[in-house]
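*Asks:* Take this structure, written in structure tokens, and hold onto it; I'll ask about it next.
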Amino acid sequence: MQPIEATDQSADTHGRILVAATITFAERGFEGATLKEITDRAGANIAAVNYYFRSKDELFRHVLRRLLEKVNAARALALQEYEAAVLAGEQPALYTLLEAMIRPMVQLGTGAGEGVAHLSLLLQARFSPSAPDDISFPDNELIHERFIDALGRMLPHLSRKEIIWRYDCTRGAMMFVLADLSPSIHRIVRLAETQRDAEVETVVRELVAFAAQGFLAASAGTPLSGR
């Protein structure tokens, strides 16, 4: 394993450790990755990890926060543009709002390098029993609240509870699809028998269309036909 090459983003020890940890956690999983492996890749020593991050758990949290900041910055910008249009008297479609939520994650999650790492780390944080507990960041929660509030204003026939349920279902569908598109699985690509179905625009279009139908469905309190 060769140490990572120094770049503008990783010229300092702190940055090199974060880059090395991102790659190593993605490849080996939280439990399988060792601090020695990470520091060897970063060209640093374990004392540096203890100095900057205090523990392996805290290093994982820093790595995940760094990746979430990227996708949430893109989401915040798209949401800001949507809100500006509303204030200007325009009436953006539900599809516009859902695309602001979905596109940044798809663009990052289907990309090479850190995009694949991002998806792997998010799945680990959700489902790995050995990953650190309490993976929650105020900025991340804030962007979710802003989307939920915007959806509530657009869909006043739904209660806040229903908006939250459908928002979380949308997030779950997005993560599942991105996991199926990952290079190690490629399930959708294989089923569709074409690489084109893994392209960003296709993934965004399909997810937005699916999510929109979920949000436009009748209130959950409305009896289903056949009951």
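No lab work stands behind these numbers, since they all come straight from the coordinates. Because the structure is a prediction, the values reported are computed rather than measured. No Cβ is skipped: glycine too gets one built from the backbone with ideal geometry, and neighbour counts run over all protein chains shown.
*Asks:* Residue by residue, what Karplus-based ³J(HN,Hα) values in Hz, rounded to whole numbers, does region 37-45 have, using 6.51, -1.76 and 1.60 with θ = phi - 60° and x for Gly and Pro?
*Replies:* 4, 5, 6, 4, 5, 8, x, 10, 10
*Asks:* Also, quick follow-up: Sorting check: for 98-110, 142-154, which peptide has the highest mean count of neighbouring beta carbons within 10 Å, and how do the rest follow? Each step should come with its number before you reach the end.
*Replies:* Details: 98-110: 22.0, 142-154: 16.1.
Descending packing order for the listed peptides: 98-110, 142-154.
*Asks:* Can you give the extra length, in nm with one decimal, that the chain gains between GLU90 and LEU142 once fully stretched, where that is 0.36 nm per residue apart less the Cα-Cα distance? It would help to have the intermediate numbers written out before the result.
*Replies:* Values: separation 52, 0.36 × 52 = 18.72 nm, distance 2.45 nm.
Difference between extended and current length: 16.3 nm.
*Asks:* Give, in nm to one decimal, the length gained when the segment between MET175 and HIS157 is fully stretched (0.36 nm per residue of separation minus the Cα-Cα distance). Working shown, then result.
*Replies:* Values: separation 18, 0.36 × 18 = 6.48 nm, distance 2.71 nm.
Using 0.36 nm per residue and subtracting the Cα-Cα distance, I get 3.8 nm.
*Asks:* Let me ask something else about it. Inverting the mean 1/r over all pairs of different Cα atoms, compute the Kirkwood radius of region 20-102 and quote it in Å.
*Replies:* Values: mean 1/r = 0.0656 Å⁻¹.
In region 20-102 this quantity evaluates to 15.2 Å.
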